[in-house]
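Engineer: Have a look at this one.
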Amino acid sequence: MKALHILAGLLVASVLANIILIAVFIPSQQGMISQLVDKTNTLDMENMQLHTQLDQQNISLQSYASQLSFYRLTPAGSSTGQPAPSSYVTGYASIEAPAVTQQIVQQNTNGFITQSLVQNGSMMNISVEIRPGEGRVLVQTTPLMGIVFQDAANTAVYVAQNKTGANLLGSDVIFSITAKNQVSSVDGPSAGALMTLVTIAALKNQHIDPAVTLTGTIDKDGHVGAIGGVIEKATAAKASGKTIFLLPKENSVIVQYVRKATNYGGFTLVERVPEQISVRDYITKNIGINVTFVDNIDDVLAASLK
């Protein structure tokens with residue numbers, strides 16, 4: 001009988017211990033696990049942002065490599081190699097261009113201090129004036145943005161001359177770029193196709209459809225190349241009243257990180273996994289602007305000039 005009382009006491013003690021374990025220890029551990037999961041998700045987001053930065057910088061490097069190859073093949077001080085003409089060419093055109101601004105923001109997440117790159121879309125005005133001069137290509141930016149647009153401007157003028165047959169050795173081509181905020185250096189090359197468009201429009205005295213804007217790099221052969229910040233730029237274009245957004249074909253797919261929840265014995269692990277999505281479908285549904293893909297400057301002209 002005494003043994004039964006002892007066993008009963010042990011059983012009660014065991015039940016109480018399990019209740020305490022369930023009521024106190026497990027929630028505490030679950031809280032720690034939740035914090036670790038949050039920290040892991042934060043690190044995943046930072047990693048995704050770093051990959052985005054790296055991709056955009058690679059785009060810039062590829063564009064600069066193309067520019068360097070172009071300059072090595074082009075005689076210094078001349079874009080065509082032709083003798084200076086006795087006459088000059090004049091013209092003017094402008095267009096609103098989408099761009100990306102970048103800002104580093106500090107956040108406090110469950111006691112962890114993290115830094116993240118915040119990207120926002122914005123619009124800038126790019127105009128070109130062609131007037132009597134000495135065959136120079138000049139870029140003026142407000143606010144001051146260094147030389148990030150100069151290489152793209154030089155290539156844009158080279159392609160525009162080849163496309164129109166114009167000789168600009170007796171003219172200066174002056175690009176004016178005005179933005180509300182400092183534009184990332186990544187967007188210098190990204191404005192190449194647009195700068196080519198405005199130059200051709202000025203040379204041919206044609207109007208650019210005000211409903212259109214575009215983004216994309218340009219190389220000496222007139223190919224329109226990939227850019228970064230597609231979603232941010234589409235959002236800015238829509239907000240400015242544009243209805244047609246021209247994008248490089250190489251940007252037809254993007255990687256989006258989606259939340260995925262998995263249950264492990266009562267615990268829920270939430271992670272972000274990469275998923276490829278159609279850019280046209282995403283922008284049309286979530287932003288509400290029509291997307292047209294372009295591969296070269298001829299595609300751009302067909303979609304933009306009236």
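The values are calculated or read from the model by the stated rules, or taken from the named source; none is laboratory data. These numbers were taken from a predicted model, which means no experiment stands behind them. Here the Cβ is made from the backbone with ideal geometry for all residues, glycine too, and neighbour counts use every protein chain on show.
Engineer: Just one of (1) surrounded by 15 or more Cβ atoms within 10 Å (Cβ to Cβ); (2) assigned to a helix (DSSP H, G or I) trips up Asp281, so point out which.
Structural biologist: (1)
Residue-wise test of (1) in contact (Cβ under 8 Å) with a residue 60 or more places away in the chain; (2) of a type outside the set (Phe, Trp, Tyr); (3) touching an Asp or Glu at 6+ places or on another chain (Cβ under 8 Å).
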{"residue": "Leu138", "(1), (2), (3)": "no, yes, yes"}
{"residue": "Thr142", "(1), (2), (3)": "no, yes, no"}
{"residue": "Tyr158", "(1), (2), (3)": "yes, no, no"}
{"residue": "Gln161", "(1), (2), (3)": "yes, yes, no"}
{"residue": "Leu168", "(1), (2), (3)": "yes, yes, no"}
{"residue": "Asp172", "(1), (2), (3)": "no, yes, yes"}
{"residue": "Val183", "(1), (2), (3)": "yes, yes, no"}
{"residue": "Thr199", "(1), (2), (3)": "yes, yes, no"}
{"residue": "Lys204", "(1), (2), (3)": "yes, yes, no"}
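Engineer: Follow-up. Pick from Ser63, Ser94: which is surrounded by 11 or more Cβ atoms within 10 Å (Cβ to Cβ), closer than 21 Å to Leu197 by Cβ, in contact with a helix residue (DSSP H, G or I) (Cβ under 9 Å, 6 or more places away or on another chain) and at pLDDT below 50?
Structural biologist: None of the other options fit; the residue is Ser63.
Engineer: For Glu271, all conditions in the list (1) free of Cβ contacts under 8 Å to residues at least 60 places away in the same chain; (2) part of a strand (DSSP E or B); (3) surrounded by fewer than 15 Cβ atoms within 10 Å (Cβ to Cβ) hold save one; what is the number of the exception?
Structural biologist: Exception for Glu271: condition (1).
Engineer: For Ala236, indicate whether it is in contact (Cβ under 8 Å) with a residue 40 or more places away in the chain and at negative phi.
Structural biologist: Values: in contact (Cβ under 8 Å) with a residue 40 or more places away in the chain: yes; at negative phi: yes.
The answer is yes for Ala236.
Engineer: Also: Of everything in the stretch 155-187 that's surrounded by 21 or more Cβ atoms within 10 Å (Cβ to Cβ) and part of a helix (DSSP H, G or I), which residue is modelled with the lowest pLDDT?
Structural biologist: Among residues in the stretch 155-187 that are surrounded by 21 or more Cβ atoms within 10 Å (Cβ to Cβ) and part of a helix (DSSP H, G or I), the one modelled with the lowest pLDDT is Asp187.
Engineer: Looking at the structure I just gave you, is Gly216 small (Gly, Ala, Ser) and at pLDDT below 95?
Structural biologist: So Gly216 does not fit the description; no.
Engineer: Using the structure shown, decide if Ala237 is at pLDDT 95 or above and touching a Phe, Trp or Tyr at 6+ places or on another chain (Cβ under 8 Å).
Structural biologist: Spelling it out, Ala237 is indeed at pLDDT 95 or above and touching a Phe, Trp or Tyr at 6+ places or on another chain (Cβ under 8 Å).
Engineer: Taking interchain pairs and intrachain pairs at least six residues apart, which have beta carbon atoms under 8 angstrom, with the first residue in the stretch 106-130 and part of a strand (DSSP E or B) and the second among the basic types (Lys, Arg) and at pLDDT below 70?
Structural biologist: Listed pairs, sorted by first residue: Thr109/Lys39; Phe112/Lys39.
Engineer: For Ile208, indicate whether it is crowded, with 20+ Cβ neighbours inside 10 Å, at pLDDT below 95 and within 30 Å of Thr164 (Cα to Cα). It would help to see each step written out before you state the result.
Structural biologist: Values: crowded, with 20+ Cβ neighbours inside 10 Å: yes; at pLDDT below 95: no; within 30 Å of Thr164 (Cα to Cα): yes.
Considered against the rule, which asks whether it is crowded, with 20+ Cβ neighbours inside 10 Å, at pLDDT below 95 and within 30 Å of Thr164 (Cα to Cα), Ile208 comes out as no.
Engineer: While we're here: Please find, among Leu301, Leu305, the residue that is in contact with a strand residue (DSSP E or B) (Cβ under 9 Å, 6 or more places away or on another chain), surrounded by 12 or more Cβ atoms within 10 Å (Cβ to Cβ) and in contact (Cβ under 8 Å) with a residue 60 or more places away in the chain.
Structural biologist: Working: Leu301 fails: in contact with a strand residue (DSSP E or B) (Cβ under 9 Å, 6 or more places away or on another chain).
Of Leu301, Leu305, the one residue that is in contact with a strand residue (DSSP E or B) (Cβ under 9 Å, 6 or more places away or on another chain), surrounded by 12 or more Cβ atoms within 10 Å (Cβ to Cβ) and in contact (Cβ under 8 Å) with a residue 60 or more places away in the chain is Leu305.
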